[in-house]
Amino acid sequence: MSFKAIRLSILVLASTSLPSLAATTQADADKVLDALKPYLGPAASQIKIQPLDDGYKATVDFTALLATAKTKGIDATISPIEITAKPLGGNKWQLHQEGDLNISGKMPTGSFNEKIGGMTYNAALDIDQGILTGMDLTSNSAVFVENFADAMGVEISVHITGASDSEKQK
């Protein structure tokens with residue numbers, strides 16, 4: 001499941017299930033999570049939703065979702081992500097996420113370690129139109145390290161380092 005799909009699912013269901021400008025409660029957050037279960041299946045159990053002033057904070061833990069990869073000899077971890085959703089009024093919501101994203105693991109042919117540092121994501125979701133009406137994503141750094149062997153046994157090592165990056169959508 002992609003990060004974008006998780007973000008949109010949380011916001012769409014939160015905005016359609018509950019009053020959009022009232023202070024939220026844990027009971028409201030539980031209703032959002034219950035509404036997500038049919039859409040996300042087993043992945044819903046890895047999302048924790050809490051009230052946050054007049055919005056929500058969703059924490060996504062990928063540990064159990066990656067457990068099935070272990071049956072294929074892949075042992076991976078992804079750092080949890082936290083997404084906040086706050087109503088803007090008029091059936092529009094503000095999404096926000098910030099922090100580092102770490103992905104690492106081992107597989108039968110090698111290992112990988114990827115880190116995007118200082119990542120910040122902001123977007124506005126228009127529920128009536130079903131679209132993001134604005135989005136920006138920035139990061140301060142990126143480091144990708146992969147070590148593996150190809151089918152012939154040749155060892156390959158890849159190390160990519162990047163500075164800041166920025167993307168905007170209007």
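The values are calculated or read from the model by the stated rules, or taken from the named source; none is laboratory data. The model shown is predicted, which means the values in this text are computed figures rather than measured ones. Reconstructed Cβ throughout: ideal geometry from the backbone, glycine too, with neighbour counts over all protein chains shown. Quick note on the areas: whole protein, heavy atoms, side chains included, nothing else; ligands and nucleic acids left out. Shrake-Rupley method; radii C 1.70, N 1.55, O 1.52, S 1.80 Å.
Below is a table of values for the structure above.
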quantity	calculated
Selection status of residue 101, open to solvent by less than 20 Å² (accessible area, probe 1.4 Å), of a type outside the set (Lys, Arg), touching a helix residue (DSSP H, G or I) at 6+ places or on another chain (Cβ under 6 Å) and over 18 Å from residue 31 (Cα atoms)	no
Check on residue 98, under 30 Å from residue 54 (Cα atoms), assigned to a strand (DSSP E or B) and of a type in the set (D, E, K, R)	yes
Matching residues, the stretch 114-136, being aliphatic (A, V, I, L, M) and either open to solvent by 50 Å² or more (accessible area, probe 1.4 Å) or part of a loop (DSSP other than H, G, I, E, B) (or both)	127, 131
Residue satisfying condition, being among the β-branched types (Val, Ile, Thr) and under 26 Å from residue 160 (Cβ atoms), within set 103, 131	103
Answer from 83, 78 - the residue that is within 21 Å of residue 29 (Cα to Cα) and out of contact with any Asp or Glu (no Cβ under 6 Å at 6 or more places or on another chain)	83
Identity of the residue in the stretch 146-167, outside any strand (DSSP E or B) and hydrophobic (A, V, I, L, M, F, W, C), that ends up most open to solvent (accessible area, probe 1.4 Å)	152
Answer residue from the stretch 22-67, given it is assigned to a helix (DSSP H, G or I) and of a type in the set (Lys, Arg) and is surrounded by the most Cβ atoms within 10 Å (Cβ to Cβ) among those	31
All positions within the stretch 84-114 that are touching a residue at least 60 places away in the same chain (Cβ under 8 Å) and more than 29 Å from residue 69 (Cα to Cα)	85, 87, 89, 91, 93, 95
